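For reference, the structure is listed below as structure tokens.
A short reminder: the numbers here are calculations on the coordinates, not readings from a lab. Here the structure is a predicted model, which means the values were calculated and not measured. A quick note on method: Cβ atoms are made from the backbone with ideal geometry, for glycine too, and the neighbour counts reach across all protein chains shown.
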Amino acid sequence: MNSLTMRASSKMAPSPPAALAAERILRRLFRGWTYIETRFGILQPADGVQPADLGRTFDVPDESGGLLSLRPDFTSLVAQEAATTGQGIPRPLRRSYCGTAFRKPDRGGDRRREIRQSGVELIGASGCLADAEIVTLASEGLAALGLDQAQIHLGHVGFIDALLDASNLTEAGKTIVCNLLAKHDRKAMALELESQQVDAPTATALMKLLDLVGSSAVFAQARALTSLPAALDALGELEALVNMMDRSRLPVPTIVDLTEVRDRSYYTGIRFEGFVPSSGFPVLRGGRYDNLVQPFGSKEPAVGCAFEINRISPFLEGSEPADIDELLLCPSQEQWPEVLERARALRSQGHRAAIDVLSSPSNQRMLYQEAYGIRRIIEPGTSGTLEEEGRSS
Amino acid sequence: MKPLTIALSKGRLLAPALSLFEKIGLIALPDRGRQLVFDSTDGRCQFLLVKPVDVPTYVEQGAADIGIVGGDVLLESDSDVLCPLMLGYGACRIVVAAPRGDAITASGRPRRIATKYPRIAERFFSEQRIPAAMIRLGGSVELAPSMGLSDWIVDLVETGRTLVENGLEPIAEITTTQAQLIVNRASQKLRREGIGLIIEQLSKELPC
């Protein structure tokens with residue numbers, strides 16, 4: 001194996017069965033909430049790439065000299081569909097997706113090239129109820145995956161935006177301050193705010209921003225820092241949502257968190273991330289992005305979230321449901337019709353039944369059984385009773 | 001609850017780091033012999049001693065919640081971690097050094113740069129619009145120009161004596177660095193109180 005192959009393979013999903021199991025669980029949940037799964041091609045016209053992804057796509061020339069990009073994300077593809085072929089469909093539009101996006105590693109950020117995601121987009125709905133639907137779905141998704149120890153950190157981009165807009169900082173100055181906030185570098189922040197001569201109330205509010213995380217008490221702390229109408233509006237919106245969530249007995253709790261300042265240009269309202277102990281990375285991201293559909297020709301609100309399958313699957317090891325319920329042995333060609341009939345009967349009852357087309361020896365079969373979580377192995381000609389082997393369900 | 005995991009860089013930054021944690025009562029005996037993993041006195045934390053270049057990886061990936069690492073290593077790693085505290089020791093400069101009499105210039109042929117920090121160097125020369133090719137070395141970088149391997153070097157300098165002894169002198173300073181405390185982003189969300197307490201205790205022990 002050459003070094004290029006090794007580098008590429010080291011970025012691949014650690015456990016396909018666990019990833020598939022996670023996707024299956026989420027698909028079931030999304031369907032229950034009436035989100036229709038949309039499938040997209042891996043290759044997309046390069047000129048349709050959104051500004052946030054510019055420079056991060058893997059591009060290939062097409063047969064006519066044009067340029068194609070490996071899809072860098074799903075959200076913009078759903079937005080494009082909503083603004084074009086989905087234009088006449090009544091709103092709100094509920095769409096889900098499941099697959100791998102491809103992006104060049106971000107310096108100092110996400111280093112993955114292949115990003116396996118399952119997510120939902122709610123397009124054409126603004127307001128607290130739509131936000132509540134997505135946050136609830138995120139919470140139920142984490143619980144359905146068995147990640148009961150997770151937390152969802154919920155914030156609103158409008159608060160930091162209001163503080164920065166009211167300051168005398170230039171755009172470059174805002175970027176520097178946000179980068180320092182994103183690194184939690186308080187000392188450098190204080191020096192920067194002083195050197196930029198930011199007025200005292202705004203400087204104090206920005207310095208205390210990193211403490212605004214916790215229970216609903218955070219809202220009072222945040223209101224004590226500013227009287228800016230835009231900041232108070234953002235807090236009001238977020239508080240209303242948090243109150244709804246508190247009354248809804250979510251399976252995975254939400255934490256108020258105004259400390260996240262990255263991706264300000266992407267989100268336009270609430271934003272959230274899901275964390276699991278020992279994961280090291282967010283396993284879920286979402287929020288409101290009302291400017292998402294506009295570049296495709298129709299201005300409409302949108303909110304959604306994406307589960308990070310590669311980051312979730314290590315936590316599902318050993319607990320994933322079976323990929324195959326029954327494996328039916330077929331020792332000879334003559335027994336095929338009988339075995340097929342049995343498989344059909346099982347499938348009609350909702351089982352996932354596979355036929356052993358390799359006529360594997362028993363030691364090889366055991367490995368296969370282990371890899372796919374097969375619950376029963378069925379031999380033909382056993383007078384209708386299913387013989388059980390190996391591990392039970 | 002699982003103890004907070006703190007990754008410390010072996011080498012020149014280890015003794016001051018152990019001394020800091022001793023001052024806040026988390027380590028009783030700074031001399032751990034050859035032990036690479038040990039618990040704090042109160043059992044709240046677990047310490048790992050790892051190679052300096054590995055500290056950002058341990059922290060970024062969440063195998064450690066907190067780390068102490070040189071700013072040079074952190075810059076070179078490009079890791080996505082929080083940097084809430086500069087620790088005030090291990091101060092150094094990252095410089096471009098050249099044989100005596102040479103000067104930094106964007107004109108002429110592309111320069112060959114020997115360095116342990118190819119990312120930092122590449123970024124610097126790219127920003128300065130100086131054509132340059134990086135040659136990655138693991139150590140003794142100062143030898144490279146005299147052996148004809150490179151034109152210039154980019155290296156970490158504490159006093160500058162090694163440069164002088166090898167006929168080199170700094171021609172540009174890229175940045176200054178010092179030891180830093182770094183924190184995993186997810187740990188900061190999930191274990192905020194424990195991490196905050198350590199940062200607060202350490203801050204009190206640092207020179208203003």
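Couple of notes before you dig in:
- Within 10 Å of the Cβ of each residue in B:57-63, the mean number of Cβ atoms contributed by other protein chains is 3.
- C-alpha center-to-center spacing [segment B:1-56, segment B:122-194] in angstrom: 25
- The GNM of chain B, with springs linking C-alpha atoms under 10 angstrom apart, assigns the highest mean-square fluctuation among B:Arg111, B:Arg161, B:Arg119 to B:Arg161.
- Of A:Lys208/B:Lys23; A:Lys104/A:Lys208; A:Lys208/A:Lys299; B:Lys51/B:Lys189; B:Lys2/B:Lys51; A:Lys104/A:Lys174, pairs whose Cα-Cα distance is over 32 Å: A:Lys104/A:Lys208; A:Lys208/A:Lys299
- FRET efficiency estimate (nearest 0.05) - Cβ-Cβ, A:Thr38 to B:Ile104, R0 51 angstrom: 0.40
- Angle between chain A longest axis and helix A:16-32 axis [Cα atoms, degrees, rounded to 10]: 70
- Gain on full stretching of the segment that runs from A:Glu194 to A:Asp62 - 0.36 nm per residue minus C-alpha separation: 42.3 nm
- For peptide A:163-175, the mean count of partner chain Cβ atoms within 10 Å of a residue's Cβ comes to 0.
- Shielding score for A:276-283, defined as the mean number of other chain Cβ atoms within 10 Å: 6
- Chain A, helix-only ellipticity at 222 nm - DSSP H runs n ≥ 4, -39,500 (n - 2.57), divided by all residues, nearest 500: -11500 deg cm²/dmol
- Distance between modelled label sites at A:Glu379 and A:Arg223, nm, 7 Å Cα→Cβ extension: 7.4
- The alpha carbon radius of gyration of the protein assembly as shown, expressed as a multiple of 2.2 N^0.38 Å, is 1.12.
- Against the empirical curve 2.2 N^0.38 Å, the C-alpha radius of gyration of chain B lands at a ratio of 1.14.
- Distance from the C-alpha centroid of segment A:89-111 to that of segment A:42-84: 12 Å, rounded to the whole angstrom.
- Using C-alpha pairs under 8 Å with a sequence gap of at least 6, the mean separation divided by the residue count of chain A gives a relative contact order of 18 percent.
- Working from Cα pairs under 8 Å separated by at least six residues, relative contact order for chain B is 27 percent.
- Checking every one of the trypsin sites (Lys or Arg not before Pro) in segment A:189-270 against DSSP loop status and a limit of 10 other Cβ atoms within 10 Å picks out A:Arg249.
- Estimated FRET transfer efficiency (A:Asp110, B:Glu165; beta-carbon r; R0 45 Å; 0.05): 0.55
- Most positive-pole-ward Cα, A:Pro51, B:Leu202, A:Ala182, against dipole of the protein assembly as shown from beta carbon charges: B:Leu202
- Segment A:177-243 versus segment A:338-354: alpha-carbon centroid distance in Å: 60
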